[in-house]
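Here is the structure we will look at, set down as structure tokens.
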Amino acid sequence: MKRIIPLLLFLWPVLSAAAQSQVKIGVIHYDSLLVAMPEYAVAQQHLQALRQQYEAEASYNEEQFKRLFTEFLQGQKDFPQNIMLKRQRDLQDQMEKSLAFRHECDSLLRRAEAEMLAPIRQRLDEAIRSVGIECGYEYIYNADTHALPFVHPLVSEDATARILEKLNN
């Protein structure tokens, strides 16, 4: 017993320091933070304008196809075989071009969105890193991904307000 007391006195500072050095984890909802940024709203407006331009062109292509199809239907009784086959090929080509344009538009819109959001995401990531360092978090995890279905509330706290504050400064 006499040996245990000095050992406890010796280990007391080490044990109390270990008890106080608790892991500190921040919790955020990345998508909510992203949507709350004013730059995100501006990017969405630009994307909507671009989407409308592509949609107008796609509508124009569809009208062209309808016009060609109507002309084909009206004249098919009077067309010789070779003209009818040519018109069918024209209709097929117009339809394929219209579909290809739609697919290209989708691809271009996805690429434009990624390019517009890249600097916004970078700014958000920098704010998250900054808050993580300032608050002494060992981790900040995104609750949107559900990668960690449970984190004890005694070692975690919601860092969203601090990050929003950092973004607004």
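All of the numbers you see were taken from the coordinates with simple rules; none came from a lab. Model, not experiment: these values are computed from the prediction. Methodologically, a virtual Cβ is constructed for each residue, glycine included, from the backbone with ideal geometry; neighbour enumeration extends over all protein chains shown.
Could you please report the charge total around Leu50, scoring K, R as +1 and D, E as -1 over all other residues with beta-carbon less than 15 angstrom from its beta-carbon?
-2
Please give every one of the lysines within straight-line cross-link reach of Lys97, meaning a C-alpha to C-alpha distance under 22 Å, and leave out same-chain neighbours fewer than 8 residues apart.
The qualifying lysines are Lys66, Lys86.
Which residue fluctuates most in the GNM of the chain (Cα springs below 10 Å): Asn61, Asn142, Asn82?
Asn82
Pick from Leu73, Leu109, Leu124 the residue whose mean-square fluctuation is largest in a GNM of the chain, springs joining Cα atoms under 10 Å.
Sorting by GNM fluctuation, first place goes to Leu73.
Highest first, please rank the peptides 83-92, 157-166 by the mean number of other Cβ atoms sitting within 10 Å of their residues.
Sorting 83-92, 157-166 by mean packing, highest first, produces 157-166, 83-92.
Full extension from Gln53 to Glu71: what is 0.36 nm times the residue separation minus their Cα-Cα distance, to one decimal in nm? Walk me through the intermediate numbers first.
Values: separation 18, 0.36 × 18 = 6.48 nm, distance 2.73 nm.
My answer for the length gained is 3.7 nm.
Can you tally the net charge around Arg67? Count Lys and Arg as +1, Asp and Glu as -1, for every other residue whose Cβ sits under 15 Å from the Cβ of Arg67.
Result for the neighbourhood of Arg67: -2.
So what's the chain giving for Rg/Rh, alpha carbon basis, Kirkwood Rh from the mean inverse pair distance?
Result for the chain is an Rg/Rh of 1.42.
For the chain, what does the helix formula give at 222 nm: sum of -39500 (n - 2.57) over DSSP H segments with n ≥ 4, over the residue count, nearest 500 deg cm²/dmol?
Working: 5 runs with 126 residues, N = 169.
Computed ellipticity for the chain at 222 nm equals -26500 deg cm²/dmol.
For an R0 of 41 angstrom, estimate the FRET efficiency from the Cβ-Cβ distance between Asp106 and Leu85 and round to the nearest 0.05. Display every interim value, and only then the final one.
Working: r = 32 Å, r/R0 = 0.78.
E between Asp106 and Leu85, to the nearest 0.05, is 0.80.
Which chymotrypsin sites (Phe, Trp or Tyr not before Pro) does the stretch 120-169 hold that lie in a coil by DSSP with at most 13 other beta carbons within 10 Å? Walk me through the numbers on the way to the answer.
Details: sites: Tyr137, Tyr139, Tyr141, Phe150; in loops: Tyr137, Phe150.
Filter output for the stretch 120-169: Phe150.
Going by alpha carbons, how many degrees (0 to 90, nearest 10) lie between the helix axis of 38-75 and the longest principal axis of the chain?
Taking Cα atoms only, the helix is inclined about 20 degrees.
Please give the per residue volume of the convex hull enclosing the alpha carbon atoms of the stretch 27-122, rounded to a whole number of Å³.
So the per-residue hull volume is 95 Å³.
Starting from the Cα gyration tensor of the stretch 102-169, take the square roots of the eigenvalues, sort them a ≥ b ≥ c, and report rounded, prolate or oblate (rounded when a/c is under 1.5, otherwise prolate if a/b is larger than b/c, else oblate).
It comes out oblate by the Cα gyration axes.
Nearest 10 degrees is fine. How inclined is helix 81-135 to the longest principal axis of the chain, computing both from alpha carbons?
Helix 81-135 sits at roughly 20 degrees to that axis.
Given axes a ≥ b ≥ c from the Cα gyration tensor, I'd like to know whether the stretch 66-153 is rounded (a/c under 1.5), prolate (a/b larger than b/c) or oblate.
It is prolate, given that a/c is not under 1.5 and a/b is the larger ratio.
Less than 27 Å apart at the alpha-carbon level, and either on another chain or at least 8 residues along: which lysines does that give for Lys24?
Straight-line reach from Lys24, under 27 Å: Lys166.
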